[in-house]
Structures are given as structure tokens and as C-alpha cells.
1. Any chance you could give the angle, 0 to 90 degrees and rounded to 10, that helix 253-263 forms with the longest Cα principal axis of the chain?
2. For His276, what is the net charge nearby, where nearby means another residue's Cβ is under 15 Å from its Cβ and Lys, Arg count +1, Asp, Glu -1?
3. Below 8 Å, C-alpha to C-alpha, sequence gap of six or more: please give me the relative contact order for the chain in percent.
4. Give the Kirkwood hydrodynamic radius (Å, one decimal) of region 69-307, defined as one over the mean of 1/r across all pairs of different Cα atoms.
5. Among His212, His330, His202, which comes first, second and so on when ranked by fewest other beta-carbon atoms within 10 Å?
6. Taking a threshold of 20 Å on the Cα-Cα distance, which of the pairs Lys201/Lys405; Lys178/Lys254; Lys167/Lys322; Lys178/Lys201; Lys96/Lys322 fall above it?
7. Residue by residue through region 58-67, what is 3J(HN,Hα) from phi via Karplus (6.51 cos²θ - 1.76 cosθ + 1.60, θ = phi - 60°)? Round to whole Hz and write x for glycine and proline.
8. To the nearest 10 degrees, how steeply does helix 421-438 sit against the main Cα axis of the chain, on a 0 to 90 scale?
Amino acid sequence: MRRRKRQAGKSGSPPAGIKGRIKGAVPGRRNRSGAAVRKGMRKVEQLAIFGGTPVRETPIHYGKQYIDEEDIRAVSEVLRDGDLTCGPMIDAAERKLCEVTGAKYAVLVSNGTAALHLAALAAGFGEGDEVIVSSITFAASANCILYCGAKPVFADIDPETYNIDPKSVERLITPRTKGIVAVDFTGQAVEHKALQDICRKHGLRLIEDAAHAIGTRYGGRAVGSIADMTCFSFHPVKTITSGEGGAVTTNDPKLWARLRRLRAHGITRNREEMVHPTDALWYNEQVELGYNYRMTDIQAALLLSQFKKLDRFAARRREIVKKYDEAFSHMPEIALQREIPESDTVRHLYILRLKPERLTCGRRQFFDALGAENICSQVHYLPVYWHSYYEKLGYEKGLCPNAEKYYEEAMSLPLYYSLTDSDVDCVIRAVRKIVSYYRR
């Protein structure tokens, strides 16, 4: 007699594509109504990962760009009539970025990693130098230090704000320390006053990695006008996008001139920078080793159009963050990111941090359970020195206890402009549903 195949999703089994991914997850017993019976006969809604009904039928992703007809027209105009590269859109977008940030100078580049690389070069980081960097960040924040031949030294995070901890920075300074790369994680500004005091005391350069923080203000000043150099990213999941793209802002004319030169192969047309100046109109001269990190006018046109919507994008992100905070602030199983009063934040990421002592599941189980409810979360970030490449360089676990504990407990919820109120309600319902199921 042939056995009938068990259908995925029945009898508490995970649905197709999820089964086998959960370690240590034990579904509750099912009663006839489909609810699970757990601890003291407390009824909870069955999770989708164990055969229950998801909170929604279609997935919500953690991040997404918003492109409208105005954006499409702006790009189309360049494609039809304009210079595709090295044209007027670059200058216009740089002027607009200065207007938004309050910086005196801006240099557009091909992506946020290129921005960090050029800033590290312009800061003079090199062989034998140490540069202190946030431990919870995308790898590029530390890689830019390696590109210059210097050594990244990882500072721990504040356990409540998740930004670089100035006290940890102070403890790591040695005679070889040349600068700090401080990341505005999730969009919240770093503690500028404390970091700038440290930089002045020790003669260090401060590079602010503001990839998450376009539109954020610190103490009334826009991010981009405060540090020696500030780096931005315009990747599609960021608040505004140019497809791929980045920028460095500064108030220092010498840094600005070098950033512009490094962006274009180290070549200059400025006679004052040449070793062999001439008045020949065709002449240009490579005076140092640079890179081809230029942004195209196509990208700059999109960025200019997106700048027009920045206030609207920022306001919507703040609305969503407020809804999440109101929903989760009274849940003892969840810890909310603390915001310093100086930071008027445009949030790029919303961090959901679990309190493992109040739940019977780990972060992996919670993450996969959210996915089964069609809420696609993400984890930001693995401590940089945990990457296998950094292991090969000799970095070991245990360097930054707060960062490591944060990583084991955190995930990012969907946050972007086009997320509807109904979408946000689905995210909240899914989190509540999973917390209720795994509550101790």
C-alpha cells in the first residue's frame, strides 16, 4: 500500500522552504481550532513556520527604493540630450548636497565605499598607522583603512545606542593612532562632542561614515558639516538613491581639492598643482596615484530628483519608527534603540533587539519565523572582525563584548518610504505573534 506524502505545513511541520532551517524550535501541540497549547494551557496563535496562517500573503522586504515619474524624466533627459559623464549634473548635485548638509564642499563618487577610501587617503592614513573604527558596521568602514595600508582598531559600541562608544575609543588610543572612522549607525548621529574632544586632544582626523544618515542633524547642525570629512552612500536601500553612488563632504578646501583629484586618477588641470605647468588647453598632468571613482551624470540626475523628496522620505520614515516604538515599547521581550537627545534622526534602519532571557527562542528562530509570516528582516551587522578575512589578519572574537552581544540579539525590520500603514501593521502583528508564542 502506497503511503500518502505528508503535506508541508500540517501537523506542526514548517512550510516548504523553511523546514530544516530552524534549530531547537519546538512547536506547541495543536488543538482543533489550530491554536497551540503551551504553558499552563495558554492559547497562542500558531506560527506560520509551524503550519499556521501567515499575517500576510505577499512578502515585505526590509528595504526598497522609491522611484517616481519625476525621477524617470530626470534620467531620460540626460540620456536624450545631456553629457553622460563629467557634465553639469555632477556640479549641480554637489551644490545641492552642500545645501542639504551645510558643508562648504562636496565630491560625488561612484559609491559609498569609494567615498570612504578617498576620505581615508585624504586623511593621510598609511603604513604603520592605526585608525579606530566602529565594530558594528558594514565591512567597508574598516576596509577603507586597510586599503591605505593602515590597521583598523575596533572600538566597542554603546549597548543602548549601538553607536561607537567614545569611552572605548579613548582606551584604544596609542602613539600610532591617526584617526577615527565613526559610523552613524541606523541614521543616528554619533556623539560628536565627545569624539571631537578626543580628536583635538590627540591630534586625530575624524571621518564620519554617514551612509545611513542623510538628513540627520546633530545639535541643530546637519550631518555632513561637522566632521573633518563625512561620507554618504546613495545605494537603493538608503533614504535617497542614485542607483549606486556616494559622496564626501568637507569644510576644508585642501581636503576638497585632493578628494577631487583622487577621484579622477590623480590627474589635475589646475596649473598650481602641476609639476610641469603649461598654458596649453589640452594639457593635464597626473601628480599622484588616484582612481576612477567618478559618478555619471545619469546617476547625478536621479540623485538631484531624489533630493526634492528627501523631506517627504524623512517624514515618512519618522512616522513608521514612531509606530514601531509605540507598538514595542511596552513589550518586555524587546529592547528599543536609545536615541541621544542631540540627534534629530532620519532612521535608515529599525533595529528589533530581543531579550533572550524573556524568550524561549534565539534570534535565528525569530528571524526565520518572521520570514514565514512574509516579513523579510535582515541583520545589521556581523562585527566586522568576525569576518573570515579579518580572522586571517589575526583578529579574534571577544574584542568588543557589547557589539558581540548586540549581534546575537538584533535584526532589522522593514523601513522605507513606500511602506503603507497596512504593511506596518502586518510587521507589528507578526512580531507580537512570535513574541507571544515564544514568551517565557
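What follows draws every value from the coordinates through simple rules; no lab data is involved. These numbers were taken from a predicted model, which means no experiment stands behind them. Because the Cβ atoms are built from the backbone with ideal geometry, glycine has one as well, and the counts that use them run over all protein chains shown.
1. 70 degrees
2. Working: positive: Arg269, Arg271; negative: Glu272, Glu273, Asp279, Glu285, Glu288.
Local charge sum for His276: -3.
3. Numbers: 912 pairs, mean separation 94.0, N = 440.
It comes to 21 percent, rounded to a whole number.
4. Working: mean 1/r = 0.0548 Å⁻¹.
The answer is 18.2 Å.
5. Working: His212 27, His330 7, His202 16.
Starting with the residue having the fewest Cβ neighbours, the order is His330, His202, His212.
6. Working: Lys201/Lys405 31 Å; Lys178/Lys254 18 Å; Lys167/Lys322 30 Å; Lys178/Lys201 12 Å; Lys96/Lys322 29 Å.
Among Lys201/Lys405; Lys178/Lys254; Lys167/Lys322; Lys178/Lys201; Lys96/Lys322, the Cα-Cα distance tops 20 Å for Lys201/Lys405; Lys167/Lys322; Lys96/Lys322.
7. 10, x, 10, 8, 6, x, 6, 6, 10, 10
8. Tilt of helix 421-438: around 60 degrees.
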